[in-house]
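Bear in mind these aren't lab numbers, they're just calculated from the coordinates by the rules spelled out. Quick caveat: nothing in here was measured; it's all calculated off a predicted structure. As a convention, Cβ positions derive from the backbone with ideal geometry for all residues, glycine included, and neighbour counts pool all protein chains shown.
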């Protein structure tokens with residue numbers, strides 16, 4: 001950066017770069033976590049269905065499709081975020097997922113269920129002493145904020161963009 | 001999205017900007033984007049295929065005598081004359097679950113004696129937790145085969161087969177029961193002649209596989225996702241309440257609970273729902 005540019009005032013370009021960088025960080029964090037969460041559920045789809053059932057929200061007929069569909073959705077959204085394709089749209093979907101997870105975990109906690117969120121495979125009932133609701137809520141809140149950032153400002157560094 | 005970048009601040013930068021984004025790059029970027037979309041679609045398809053390959057085993061859809069229907073527990077000692085006050089003892093178990101084998105070794109003989117004497121109405125809910133968490137269908141098969149033995153030899157043959165399964169559980173969690181052993185134990189459990197042949201046929205065709213899957217599903221829907229669990233008249237037992245300070249099973253207290261149906265609050269597992277059997 002040249003001196004003349006600095007003299008011209010705080011550089012909009014530099015500020016833009018910084019915001020793009022923050023966007024990149026949000027994109028990669030949300031993308032990697034979603035991809036990891038989705039992949040972890042693939043080897044044991046029945047466990048994924050059980051984890052969905054453990055929240056005791058969805059009617060019986062929906063737990064199967066959600067238990068099978070959610071990992072695939074997480075993988076697709078995670079990959080697209082990592083690549084930086086259709087960032088606003090994929091971040092919006094990621095944000096919606098996080099809001100749904102936050103609602104699910106909160107209601108489980110409020111209703112006194114003792115479950116593992118099953119976020120990265122596993123899930124289902126656990127001993128009351130083994131629940132980790134605050135940690136799970138904090139993590140998903142952080143990821144949701146990343147999603148909000150990207151919906152608000154989808155431009156990021158190293159994004160492939162949408163065709 | 002490179003094309004949306006804010007215009008460069010000065011002419012020198014504009015040149016660099018223009019040089020970095022030649023018109024040709026747009027085309028190659030588009031190709032990369034298309035390649036990426038195809039790759040993402042392939043990964044998603046592979047994930048779907050892998051997931052649909054992990055399915056429970058399918059076979060016949062017979063409901064065992066002693067079960068009211070699909071998804072309902074199976075009354076193991078239906079042929080035994082019950083005492084008027086006999087409580088209903090419901091056992092949720094998976095033949096491949098290591099803790100189930102530990103609980104069975106301690107409390108199984110007490111349950112079996114009470115069931116044979118008609119002091120309890122013994123209801124089994126077969127679960128396939130290990131199949132679900134570690135893969136395979138061996139838990140489902142083992143339960144199917146135990147029901148095949150019960151259909152031919154009644155509760156006493158079932159009880160022996162049940163013992164054989166837990167005593168010969170694969171050493172490593174997640175390993176399967178060898179099929180030859182599952183079949184062979186039918187004879188060890190006392191079946192002979194046509195009854196043995198019928199039980200073996202039932203094992204091969206998997207007559208009760210759908211039923212076992214149905215009890216796994218319905219129990220999970222009811223909130224019983226793990227194993228082992230024992231309920232007395234629908235109240236979930238806290239099994240660890242029967243372990244003495246010397247780390248021994250207090251079988252006297254356990255027998256009193258299951259034969260009287262009286263469960264104290266300390267003996268109740270509050271993390272589980274109550275059930276109806």
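How many partner chain Cβ atoms sit within 10 Å of a residue's Cβ in peptide A:73-83, on average, as a whole number?
The shielding value for this peptide is 3.
For chain B, modelled as a GNM whose springs connect Cα atoms under 10 angstrom apart, the maximal fluctuation among B:109, B:236, B:98 occurs at B:109. The mean sequence separation of alpha-carbon pairs under 8 Å and at least six residues apart, normalised by the residue count of segment A:15-150, gives a relative contact order of 34 percent. Just check segment B:195-247 against the gyration tensor rule for me: Cα atoms, a ≥ b ≥ c as the square roots of the eigenvalues, rounded for a/c under 1.5, and otherwise prolate or oblate depending on whether a/b exceeds b/c. Note, shape of segment B:195-247 comes out oblate. Nearest 10 degrees is fine. How inclined is helix A:45-54 to the longest principal axis of chain A, computing both from alpha carbons? Tilt of helix A:45-54: around 80 degrees.
For A:19, A:34, B:82, the sequence from fewest to most other C-beta atoms within 10 Å is A:19, B:82, A:34. Any idea what the relative contact order of chain B is, in percent, if you count C-alpha pairs under 8 Å spaced at least 6 apart? Relative contact order comes out at 24 percent.
For chain B, adding -39500 (n - 2.57) for each run of n ≥ 4 DSSP H residues and dividing by the number of residues yields -17000 deg cm²/dmol at 222 nm. Working from label points 7 Å from Cα in the Cα-to-Cβ sense, the residue B:117 to residue B:270 distance is 3.3 nm.
Globularity index of chain A is 1.23 (Cα radius of gyration / 2.2 N^0.38 Å, N = number of residues). The alpha carbon centroids of segment B:146-215 and segment B:246-277 are separated by 29 Å. Binning the alpha carbon pair distances of chain B at 5 angstrom intervals from zero yields the distribution 1, 5, 11, 14, 15, 13, 8, 5, 3, 3, 3, 3, 3, 3, 3, 3, 2, 1, 0, 0, expressed in whole percent. For chain B, modelled as a GNM whose springs connect Cα atoms under 10 angstrom apart, the maximal fluctuation among B:120, B:111, B:132 occurs at B:132.
Within segment B:72-96, which residues have the backbone N less than 17 Å from the label spot 7 Å out from residue B:172 along Cα→beta-carbon, could you tell me? Under cut-off, by backbone N: B:96.
In terms of its C-alpha gyration tensor, segment A:21-107 comes out prolate, because a/c is 1.5 or above and the ratio a/b outweighs b/c. Arranged from fewest to most other beta-carbon atoms within 10 Å of their beta carbon, A:32, B:263 become A:32, B:263.
Helix B:193-205 and the longest principal axis of the C-alpha atoms of chain B enclose an angle of approximately 20°.
Modelled this way, with points 7 Å down the Cα-to-C-beta line, the labels at residue A:109 and residue B:192 are 6.4 nm from one another.
Can you list the equivalent-ellipsoid semi-axes of segment A:26-77, largest first and in whole Å, using the square root of 5 times each Cα gyration tensor eigenvalue? With the √(5λ) rule applied to segment A:26-77, the semi-axes are 22, 11, 9 Å. A convex hull fitted around the alpha carbon atoms of the protein assembly as shown yields 174 Å³ per residue.
Taking the longest Cα principal axis of chain A as reference, the axis of helix A:87-110 is set at about 40 degrees. Please list, by residue number, everything in segment A:22-38 whose backbone N is under 15 Å from a paramagnetic label point 7 Å out along Cα→Cβ of residue A:145. Within reach of a label on residue A:145, which here means backbone N under 15 Å from a point 7 Å along Cα→Cβ, segment A:22-38 contributes A:22-23, A:25-27, A:29-30. Ranked for footprinting exposure by Cβ neighbours inside 10 Å, fewest first, A:41, B:276 give B:276, A:41.
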